[in-house]
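The values are calculated or read from the model by the stated rules, or taken from the named source; none is laboratory data. All of these numbers come straight from a predicted model, not from anything done at the bench. Neighbour counts run over all protein chains shown; Cβ positions are idealised from the backbone, glycine included.
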Amino acid sequence: MVQLSIVIPHFNRSLLLRQTIDSVWRQQCDCEVIIVDDGSSESEFAAVLSLQGPRLKVMRREDGQRGPSRCRNLGWQAASADLILFLDSDDLLAPWCAEQRLRAAAESRADALVFPVMLFREQPGDWNTLWNSLEGDDPALRFLLSDPPWQTTSVLWRRSTLVLLGGFNEAVMYGDDSELHARALVGGVRFETPANQLPDAFIRRSGSLRITNTASAAMLQSRIQRLRETTLWLRQCKLAVYRTAWQSRYFAECEYLLFNIPGSLKLQRQVLSAWGEDWRPSLRIYLTVTVYLWIANVCRSHVYLLLRIARRLAMQILPSVYFAQSSALEHSPVPESTFRLLRDRLQASHQE
């Protein structure tokens with residue numbers, strides 16, 4: 001009987017995918033792997049089909065929205081197990097991952113469980129850095145303020161929970177995992193973080209290009225799409241703090257475009273238009289934001305001091321949440337004793 005289904009979306013990364021699959025076959029439990037290809041080149045797809053394993057299923061997305069959300073939904077809907085783990089095609093599992101998670105799931109009644117994961121550059125254990133700290137009072141608010149406490153592979157899902165949520169929002173490409181986690185938390189899904197769990201997955205942060213870090217026109221539009229898709233369900237939330245937090249992300253997106261994307265004035269206006277339609281902010285808030293952004297765009301290259309003054313003034317008028325900063329995801333190390341234990345276990349697994 002399959003105890004765990006591991007779903008991996010893939011697009012033109014077969015060399016890295018092979019490493020990912022190798023880490024799965026080191027698991028000490030009966031699991032299946034479902035790879036869902038998102039329209040890779042024929043040579044890449046042929047390389048995926050050449051992968052071997054006792055319970056390996058390869059699917060190809062033939063219809064619907066492109067992107068990881070569609071692929072993950074196809075994968076978990078085809079899964080045999082009641083427990084689902086989503087893994088990206090360039091990331092790796094620790095040899096103890098499945099065993100640790102299955103044991104915790106057997107002892108819990110939570111709808112989903114969250115485990116610590118670490119970053120790595122070239123090989124697991126070369127960087128003592130967690131994805132982010134799991135500590136915090138309100139994970140839903142952290143997701144809404146772009147401070148995600150966990151990421152896709154951190155979560156072990158019960159299939160029934162995914163059915164209840166409808167899975168990933170296929171209209172969202174950028175931040176699709178954060179959208180799902182925020183929607184689940186606000187909707188009352190019970191997440192549990194089992195105590196004293198060793199980090200059990202490794203998220204790649206090498207120099208290779210990551211699809212969601214590109215500034216393509218499609219990706220920028222997807223960022224705006226995510227704002228609007230989240231708004232559709234968040235407007236029904238009774239907690240004003242969540243609604244205000246998400247309204248502030250429209251402003252944060254404008255600042256992102258202003259400072260990172262040259263010639264983005266048209267996109268900024270698109271975001272402001274969406275913000276006005278979706279939330280109808282007060283005249284005071286709307287004028288403050290639009291005047292500040294107008295000054296910022298005019299002065300950014302020539303009178304930077306005036307831009308800073310305008311931002312200071314905006315900070316006096318707008319709610320403080322508008323200027324909430326994303327946490328530094330890469331600066332949360334595990335205790336040194338835990339890191340030594342992790343490296344010892346990795347070394348022992350390589351010697352077996």
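Quickly run through the stretch 240-264 and pick out the residues that are part of a loop (DSSP other than H, G, I, E, B) and exposed (fewer than 13 other Cβ atoms within 10 Å of the Cβ). Walk me through how you get there before you give the answer.
Step one: filter the stretch 240-264 for residues part of a loop (DSSP other than H, G, I, E, B), giving 261-264.
If the condition is that a residue be part of a loop (DSSP other than H, G, I, E, B) and exposed (fewer than 13 other Cβ atoms within 10 Å of the Cβ), then 262, 263 are the ones that fit.
Mind listing just one residue for me: the one in the stretch 5-31 that is hydrophobic (A, V, I, L, M, F, W, C) and over 21 Å from the mean Cα position of the chain (by Cα) and, of those, surrounded by the most Cβ atoms within 10 Å (Cβ to Cβ)? Working first, answer last.
Initially, the stretch 5-31 is screened for residues hydrophobic (A, V, I, L, M, F, W, C), giving 6-8, 11, 15-17, 21, 24-25, 29, 31.
Imposing the further condition that a residue be over 21 Å from the mean Cα position of the chain (by Cα) reduces the set to 15, 25, 29, 31.
Numbers: 15: 10, 25: 15, 29: 14, 31: 24.
Checked the stretch 5-31; the qualifying residue surrounded by the most Cβ atoms within 10 Å (Cβ to Cβ) is 31.
From (1) buried (at least 20 other Cβ atoms within 10 Å of the Cβ); (2) modelled with pLDDT of 95 or more, pick out the condition that doesn't hold for residue 149.
All conditions pass for residue 149, except number (2).
Regarding residue 90, is this residue under 19 Å from the mean Cα position of the chain (by Cα), within 22 Å of residue 154 (Cα to Cα) and not polar (S, T, N, Q)?
Yes.
Just the residues that are under 16 Å from the mean Cα position of the chain (by Cα) and surrounded by 23 or more Cβ atoms within 10 Å (Cβ to Cβ), please, taken from the stretch 71-83. Can you show your working first?
Within the stretch 71-83, the subset under 16 Å from the mean Cα position of the chain (by Cα) is 71-73.
Listed by number, the residues that qualify are 71, 72.
Would it be correct to say that residue 137 is in the same structural domain as residue 174 (by TED's automatic domain parsing), under 30 Å from residue 255 (Cβ atoms) and surrounded by fewer than 20 Cβ atoms within 10 Å (Cβ to Cβ)?
Working: in the same structural domain as residue 174 (by TED's automatic domain parsing): yes; under 30 Å from residue 255 (Cβ atoms): yes; surrounded by fewer than 20 Cβ atoms within 10 Å (Cβ to Cβ): yes.
Judged against the criteria, residue 137 is a match.
Select, from 224, 285, the only residue that is part of a helix (DSSP H, G or I) and closer than 29 Å to residue 153 by Cα. Walk me through it before giving the result.
Details: 285 fails: closer than 29 Å to residue 153 by Cα.
Every option except 224 fails the conditions.
Just checking, how many residues over the stretch 46-75 are of a type outside the set (Asp, Glu) and within 28 Å of residue 179 (Cβ to Cβ)?
Pass one, the stretch 46-75, residues of a type outside the set (Asp, Glu): 46-61, 64-75.
With the extra rule that they be within 28 Å of residue 179 (Cβ to Cβ), the set shrinks to 48, 57-61, 64-75.
Here the count works out to 18.
When you scan the stretch 87-173 for helices (runs of 4 or more DSSP H) that lie fully inside it, which ones turn up with 1 or more residues that are touching an Asp or Glu at 6+ places or on another chain (Cβ under 6 Å) and among the polar types (S, T, N, Q)? Step through it out loud before you land on a result.
Numbers: elements: 97-106, 139-144, 159-165.
Correct list: 97-106, 159-165.
How do the pairs read when you match residues in the stretch 105-128 that are more than 20 Å from residue 161 (Cβ to Cβ) with residues anywhere that are charged (D, E, K, R), using Cβ under 6 Å and keeping only pairs 6 or more apart or on different chains?
Partner pairs satisfying both residue conditions: 119/205; 120/126; 125/343; 127/121.
Quick one: would you say residue 280 is touching a residue at least 24 places away in the same chain (Cβ under 8 Å) and among the charged types (D, E, K, R)?
Details: touching a residue at least 24 places away in the same chain (Cβ under 8 Å): no; among the charged types (D, E, K, R): yes.
Considered against the rule, which asks whether it is touching a residue at least 24 places away in the same chain (Cβ under 8 Å) and among the charged types (D, E, K, R), residue 280 comes out as no.
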